[in-house]
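Quick notes on the structure that follows.
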Amino acid sequence: MTVDTTSKAPKSRPSGWHLLLAPVALLFLLPFLQMFLASVSPADELLKFPPPIIPSRIDFSGFVTLFTESDALLWLGNTVLVATSAIVSHLLLCSLAGYGFARLAFRGRTVGIFMILATIMIPTQLLMIPTYLLFSRLRLIDSLGAAIVPWLSSAFGIFLMRQFFLSLPKELEESGLIDGANRWQVFSRIVLPLAKPALATLAIFTLLGSWNDLVWPLIAINNDHAFTLQLGLANFQGTRRTEWSLLMAGNVVATLPLILFFLIAQKQFVATMTLSGLKG
Amino acid sequence: MTTTELSPAATAPSGADQPDRSGRRHDRWRAALTGWLFAGPATLIVLGLSIFPAGWAFVLSLEKWNGFSPPEFVGGKNYSRLITDAEFADAVLHTIIYTAMFVPMSVLAGLFLAVALNRRIRFIGIYRTAIFVPFVASAAATGILSTYLFSPQYGLVNNVLQRLGLPAQGWLEDPAQAMVVIAIMSLWGQAAFTTVIYLAALQDVPGELIEAARVDGAGSWQTFWRVIWPQLRPVTVFVTIWQTIGAIQLFDLVYTTTRGGPLNATRTIVYFLWDKAFRSLDFGYGSAAAYVLFAITLLTTIGVVVYSRRKNMEAF
Amino acid sequence: MKRRITFSVVTALVTLGLAGLTACGSSGQGASSLDKDAKVSLTMWTGQTENSEKILEGLAAEFQKAHPNVSIDVSSGASSTDDLLQKLSAGFVGNSYPDISYAYGSWASELEASGRTLDITDRVAEPDVKWNEFPEGARLTARPTGKKTIGFPAIVDNLTLLYNKTVFDAAGVPYPTDQWTWDDLRAAAKKLTNPATSTYGYAYSVSGAENTVWKMWPQLWQNGGEILSPDQKTAAFDSDAGVKALTFLRDMAVTDKSVYLDQTDTKYEQLFRNNRIGMMASGPWVLYDLKTARTKYGVTLLPGTNGDHQTASGPDLWALFDHHDKNREYWAYEFANWLTSAAQDERWNVAVGNLPLRSSEVGSAAFKTQVKTYPGLDIMAANGANAKKVRPTVSGYVGLSQAIGAAISEVLQGRAEPKPALEKAATKANTALEAAR
């Protein structure tokens, strides 16, 4: 028998998948290990190439300086604010739009989805200057608003949700409609509960995108009270000189929350196949 | 969730899907209203924030502008210059090579990893999170790691090769290999993207369908291709389109690993236009390249969509 | 039909947007006559990282205390100096540019051509400014076309030869001296190179960026060559002097294989710190990291040709911008003048480890302290006198630099011969120079 992709492996027997997954996982953990080791390396070893893989001694001074001498906590707070607004707004607006584009037949639907897709086909590098103009007219430059507004919705979110809704079986909704529910009720009572994995996916990518966004805030925000964490970290990196120990410690501080969030959010990906298998 | 602003939609009966004999016009109008009440807000934000910049970039592509002085209108000159520019042709070629390597690999890797991670075994949360880690790392961090691994003189990979008695390679400093290294590193960095999406999509496959196939005596391989794979098509179209658009716009990793070198072997279209705009201070020319890129991407996307429609995949 | 309607709506929106956003530009009217006591707020973009940014903020605060009617908003403007370019472009289009901004010397003529800069030629001629204390290269860069003075020098530096004592000691090679010729450098590099330990005698950039280019200029000049023709209209680097300079580098890189060729400009300094590279041409900006990494290094002049040790310098500017407001103009100038005076410069440039801006600071106590911390800084400061020529400040220099940068990296990687490569680059450079005029 071939490897059973849909099996309900009895809990007693350890799965053969570990043999595959454990080494793969190790390979993917590499950058985090490297980043973490770098963050506790003494400054002189960070400045060398190739660096020693294991630092000769542990040095937490990067973290100490980061929290005592820079505004890292303020920046972290700003980033949390940006990411939270982005996620809330994305989950609401993109799931609505995704559903509309997937299931409702209306005028301008195809053109609409195509135009949304088209917006991401022009490389952002060249859109920075006009976007800056637009935002300065909206009086958003130099405030946290400049970092938040672009993340209220996205082509990615709309398109992702649309494709997810397309793959849901129509029958459930149809029976709802026959029972007299209107579109909104069908959406909120039948479709959304089914879309939890999709919503988790959207939340993960929105968090990641808004949390790590750098190129745009770099242009839009000067005021260091409105700095996001990535922006603050970028300021440790000069054209000619880089504050490596601060940067490495900052990278760890910036990355850990994302990894923890993912660890929690991935629980939404409950294997339904296994569940139904157990039921049957 | 805020429902108040949506109540008009809620009161509208679902006209869209049901054919009606009388008042078709009225129904259509109502369907449009319902549709746009759902889709409108998000669409408005996305389009509102990009139409002006895109239009401005287009106007710029018809001008000569160094970023400081007043721009000068030159019509189609930037575009005609692009056609004869051998550097641009090279950039297009490098982009195509990268896209052809990266997109299929990333879709297949995502599918494979998602299937592997879609089970209830111990440590599964840790395995999933591990895959996610490189995706969190910035392009700068991935770039630094790439140079640690693939430096010909000092890199870990050559070190291992030599221990195994194999010849050391030029990797990032060999014009023939540099793009392959970049493709591998992007695949490694972005595998989580396709994996997470497929993982979520797998949750939508109704268990009943799988059970039914089982009862019919299908093996797991057959069950996957006959039952699960068709359900994943809309999402496959999504990741293919998305990864293609992303691959065509490759920039960050090139910037952090090779800066377009060695000997321009990894200059992609976006690197080319960035270089023209911000290093040569020729924003008009850079914008023209951006619009050519836009056209290429649009045509590719339409190609994918038409293909999926023809195949009746109901994905677009 | 449906599609056409949508399209025309989009076109209309774009046109409206463009008109609306660009039309209502300069609305506020500035003061047309000077009133030194009127309230004035200035914006300054420094392009600096944390440390030096903080020092500048402190200095600005001090200036505001002395002049309570002036308020100066100091920010880095962008995370790196490179990114300032985008900010300034966006600022010019949107009429939201600063009063004072840090700027690379290579942007100077473009900035002047923008028509947004002030002209302070008359004011810096006043004797108490002591304009002549700035190095000549920096003064010329602040006056890119010879017509207007668009700002003050901000940072000056030049190329010296840095050598790694550990690498020299291991190979038993005597340290470089200020009497060295380029052939001495080549011979030493050959001895220092050791494939078994991946150690290289010398390092050179093949990124094709300005970093590749300006490190060849000293040799071109020492051989009697020039970058541009006397009328500044065509490239002249493909002369015999240029071919000689590039052939020398090619022989080291290709024949001797004694040069580490850095594709991205990011690794050679790290390798030098890690005792894998014996010598590199570089400037004061590397000293801080060398000290942190505890690398044993020495500094001397670049090797010479017939006793000529001239080097290249890279001055950056504090550019001053015009807002059609006499009061802002006055105070922007006053602040920049104050900031670049010897007393303040010691507390900024000298304090962060740069070279002093003015020749008068070299004897100061502050600088002497810095020399103790960063050995070699004094040699670098004295080497300023060897910066006899400046890189051209014509608009087309960027294009010229890219053309020759590509040529140098091809030749050093063995893909082209010096003479034809330089000739091809000169043709390209001429096109760029022509287009920029």
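The values are calculated or read from the model by the stated rules, or taken from the named source; none is laboratory data. Remember, predicted model here, so these are calculated numbers, not experimental data. Cβ sites come from the backbone with ideal geometry, for glycine too, and all protein chains shown count toward neighbours.
Which of the residues that make up segment C:161-204 are under 19 Å from C:GLY376 (Cβ atoms) and among the polar types (S, T, N, Q)?
Answer for segment C:161-204, where residues must be under 19 Å from C:GLY376 (Cβ atoms) and among the polar types (S, T, N, Q): C:ASN164, C:THR166, C:THR177, C:GLN179.
Tell me, please, whether a residue that is touching a residue at least 60 places away in the same chain (Cβ under 8 Å), over 16 Å from A:PHE187 (Cβ atoms) and within 19 Å of the chain's Cα centre (by Cα) can be found in segment A:123-136.
Checked against the condition, which is being touching a residue at least 60 places away in the same chain (Cβ under 8 Å), over 16 Å from A:PHE187 (Cβ atoms) and within 19 Å of the chain's Cα centre (by Cα), segment A:123-136 yields at least one hit.
Could you count how many residues in segment A:182-213 are surrounded by fewer than 19 Cβ atoms within 10 Å (Cβ to Cβ) and within 9 Å of another protein chain (Cβ to nearest Cβ)?
Number of matching residues: 6.
Can you give me the ranges of the helices (runs of 4 or more DSSP H) entirely in segment C:318-437 with at least 1 residues that are more than 27 Å from C:THR121 (Cβ to Cβ)?
Passing ranges, in order: C:365-373, C:377-383, C:397-412, C:418-436.
Any residue at all in segment B:297-304 that's surrounded by fewer than 19 Cβ atoms within 10 Å (Cβ to Cβ) and touching a residue at least 60 places away in the same chain (Cβ under 8 Å)?
Taking every residue of segment B:297-304 in turn, at least one turns out to be surrounded by fewer than 19 Cβ atoms within 10 Å (Cβ to Cβ) and touching a residue at least 60 places away in the same chain (Cβ under 8 Å).
May I ask you to say which residue of C:GLY91, C:GLY58, C:GLY77 is surrounded by 22 or more Cβ atoms within 10 Å (Cβ to Cβ), among the small types (Gly, Ala, Ser) and out of contact with any helix residue (DSSP H, G or I) (no Cβ under 7 Å at 6 or more places or on another chain)?
C:GLY91 is the lone residue from the list that is surrounded by 22 or more Cβ atoms within 10 Å (Cβ to Cβ), among the small types (Gly, Ala, Ser) and out of contact with any helix residue (DSSP H, G or I) (no Cβ under 7 Å at 6 or more places or on another chain).
Where the second residue is loosely packed, with under 14 Cβ neighbours inside 10 Å and the first is farther than 17 Å from C:TYR102 by Cα and lies in segment C:112-133, which pairs have Cβ atoms under 6 Å and are six or more apart or on separate chains?
C:GLU133/C:SER360
Look through C:ASP35, C:ASP73 and report the one residue that is of a type in the set (D, E, K, R), part of a strand (DSSP E or B) and either more than 19 Å from C:GLN344 (Cα to Cα) or in contact (Cβ under 8 Å) with a residue 12 or more places away in the chain (or both).
Only one candidate qualifies: C:ASP73.
Can you tell me which residues in segment C:269-296 are on the phi > 0 side of the Ramachandran plot and free of Cβ contacts under 8 Å to residues at least 60 places away in the same chain?
C:ARG294
Being surrounded by fewer than 16 Cβ atoms within 10 Å (Cβ to Cβ) and either assigned to a loop (DSSP other than H, G, I, E, B) or of a type outside the set (Phe, Trp, Tyr) (or both) is the filter here, so list the residues in segment B:67-76 that pass it.
Within segment B:67-76, B:PRO70, B:GLU72, B:GLY75, B:GLY76 meet the criteria.
Considering each of C:THR264, C:THR255, C:THR247 in turn, give the residue that is polar (S, T, N, Q), in contact (Cβ under 8 Å) with a residue 24 or more places away in the chain, closer than 30 Å to C:PRO420 by Cβ and part of a helix (DSSP H, G or I).
Going through C:THR264, C:THR255, C:THR247 in turn, the sole match is C:THR247.
Which is at the interface with chain A (Cβ under 8 Å from one of its Cβ atoms), within 29 Å of C:ALA435 (Cα to Cα) and part of a helix (DSSP H, G or I), of B:ALA289, B:ALA191, B:ALA201, B:ALA277?
Going through B:ALA289, B:ALA191, B:ALA201, B:ALA277 in turn, just one is at the interface with chain A (Cβ under 8 Å from one of its Cβ atoms), within 29 Å of C:ALA435 (Cα to Cα) and part of a helix (DSSP H, G or I): B:ALA277.
Considering B:PHE251, B:PHE272, which residue is at pLDDT 85 or above and surrounded by 24 or more Cβ atoms within 10 Å (Cβ to Cβ)?
Only one candidate qualifies: B:PHE272.
Among the residues that make up segment B:197-210, is at least one of them surrounded by fewer than 17 Cβ atoms within 10 Å (Cβ to Cβ), more than 29 Å from the chain's Cα centre (by Cα) and assigned by TED's automatic domain parsing to the domain that holds B:THR258?
Within segment B:197-210 (the criterion being surrounded by fewer than 17 Cβ atoms within 10 Å (Cβ to Cβ), more than 29 Å from the chain's Cα centre (by Cα) and assigned by TED's automatic domain parsing to the domain that holds B:THR258), the answer is yes, since at least one residue qualifies.
Checking C:MET280 against (1) within 14 Å of chain A (Cβ to nearest Cβ); (2) at pLDDT below 95; (3) closer than 21 Å to C:ALA406 by Cα, which test does it fail?
(2)
Restricting to segment B:226-253, what's the tally of residues that are within 16 Å of the chain's Cα centre (by Cα) and assigned to a helix (DSSP H, G or I)?
Count: 17.
Look through segment C:365-404, keep the residues that are within 24 Å of C:GLY298 (Cβ to Cβ) and among the hydroxyl-bearing types (Ser, Thr, Tyr), and return whichever of them is nearest to the other protein chains (Cβ to nearest Cβ).
My answer is C:TYR374.
Mind listing whichever residues of segment B:206-224 are part of a loop (DSSP other than H, G, I, E, B) and more than 7 Å from chain A (Cβ to nearest Cβ)?
Within segment B:206-224, B:ASP216, B:GLY217, B:ALA218 meet the criteria.
Restrict the check to segment B:70-80 and report whether at least one residue is under 28 Å from the mean Cα position of the chain (by Cα) and at negative phi.
Within segment B:70-80 (the criterion being under 28 Å from the mean Cα position of the chain (by Cα) and at negative phi), the answer is yes, since at least one residue qualifies.
Scanning segment B:275-293 for residues that are modelled with pLDDT under 90 and among the aromatic types (Phe, Trp, Tyr), which turns out surrounded by the fewest Cβ atoms within 10 Å (Cβ to Cβ)?
B:PHE278
Answer with yes or no whether B:ARG233 is within 8 Å of chain A (Cβ to nearest Cβ) and either surrounded by fewer than 22 Cβ atoms within 10 Å (Cβ to Cβ) or modelled with pLDDT of 85 or more (or both).
yes
Starting from residues that are at pLDDT 80 or above and outside any helix (DSSP H, G or I), keep the ones in segment A:48-64 and report whichever is surrounded by the most Cβ atoms within 10 Å (Cβ to Cβ).
Per the criteria, the residue is A:ASP59.
Run down A:ILE120, A:ILE158, A:ILE148, A:ILE113 and say which single residue is within 20 Å of the chain's Cα centre (by Cα) and more than 7 Å from chain B (Cβ to nearest Cβ).
From the options A:ILE120, A:ILE158, A:ILE148, A:ILE113, the qualifying one is A:ILE148.
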